[in-house]
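What follows is a short report on a single structure.
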Amino acid sequence: MMGLTDLQGDPESKRGGVTGRVILECALKKFLPQILDGHPDIIFMQDGAKVHQRKELVTWLDEKGYQLMKWPPYSPDLNPIEHVWAELKKLVYKLYPELYSMKGPKDAILEKIKSAIYMAWEQISDEFLYGLIDSMQERVKAVRKARGGYTRY
């Protein structure tokens, strides 16, 4: 099963959100070597979000020699993670309908939501995730054919 990690906001950032530094330290350095080292044929995908383009993050990926997918701007059809988020949301709502009307302290609600997300994640099959990965060649072809316009993905 592929992992899921909770990225905390960066206390050093102006708005306290997730930064490239957090992604690099808490996710990429922790998980990518396990997945990509020794597999030069695997292409790492992350979209063109500004947080993914931070210098320290891009430099580390380059130093590691990881092959990166080139993403055209405004290309949501290429990003299979959107399908993962949709599936995860559907499962959370199905498994934990009480979250809709939950009341109480904000921290307790947040912990319940996090727990629900992790439990829903466990319900997502490897086959579903690998199917999305395997669809990438067709996605790229479709986006090229549509010249960046809408595709069925």
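Some observations on this one:
- Residue among L95, L68, L57 that alone is within 29 Å of K145 (Cβ to Cβ) and of a type in the set (A, V, I, L, M): L68
- Number of the condition not met by M69 [criteria: (1) farther than 26 Å from K29 by Cβ; (2) surrounded by 10 or more Cβ atoms within 10 Å (Cβ to Cβ)]: (1)
- Within the option set Q67, Q34, Q46, being in contact with a helix residue (DSSP H, G or I) (Cβ under 6 Å, 6 or more places away or on another chain) and of a type in the set (S, T, N, Q) holds for one residue only, Q46.
- Where a residue in the range 100-127 is closer than 12 Å to K89 by Cα and its partner, wherever it lies, is open to solvent by 50 Å² or more (accessible area, probe 1.4 Å) and modelled with pLDDT of 90 or more, with Cβ under 7 Å and at least six apart: A116/L95; M119/L95; A120/L95
- Count of the range 109-139 residues, restricted to those that are open to solvent by 60 Å² or more (accessible area, probe 1.4 Å), closer than 15 Å to G3 by Cβ and charged (D, E, K, R), is 1.
- Complete set of residues in the range 65-88 that are among the charged types (D, E, K, R) and modelled with pLDDT under 95: K70, D77, E82
- Flag: T5 matches the condition of being closer than 20 Å to S115 by Cα, among the β-branched types (V, I, T) and under 15 Å from the mean Cα position of the chain (by Cα).
- Positions within the range 8-23 being acidic (D, E) and within 11 Å of the chain's Cα centre (by Cα), in sequence order: none
- Considering the range 8-30, the residues that are among the basic types (K, R) and touching a helix residue (DSSP H, G or I) at 6+ places or on another chain (Cβ under 9 Å) include one that is modelled with the highest pLDDT, namely K29.
- Verdict on E63 being surrounded by fewer than 16 Cβ atoms within 10 Å (Cβ to Cβ), without any contact (Cβ under 8 Å) to a residue 12 or more places away in the chain and among the acidic types (D, E): yes
- Looking across the range 21-38, just one residue is under 22 Å from L78 (Cα atoms) and open to solvent by 80 Å² or more (accessible area, probe 1.4 Å), and that is I35.
The values are calculated or read from the model by the stated rules, or taken from the named source; none is laboratory data. Because the structure is predicted, anything quoted here is derived from the model rather than measured. Neighbour counts run over all protein chains shown; Cβ positions are idealised from the backbone, glycine included. Please note that ligands, DNA and RNA were not included when accessible areas were found on the heavy atoms of the full protein model with its side chains. Shrake-Rupley method; radii C 1.70, N 1.55, O 1.52, S 1.80 Å.
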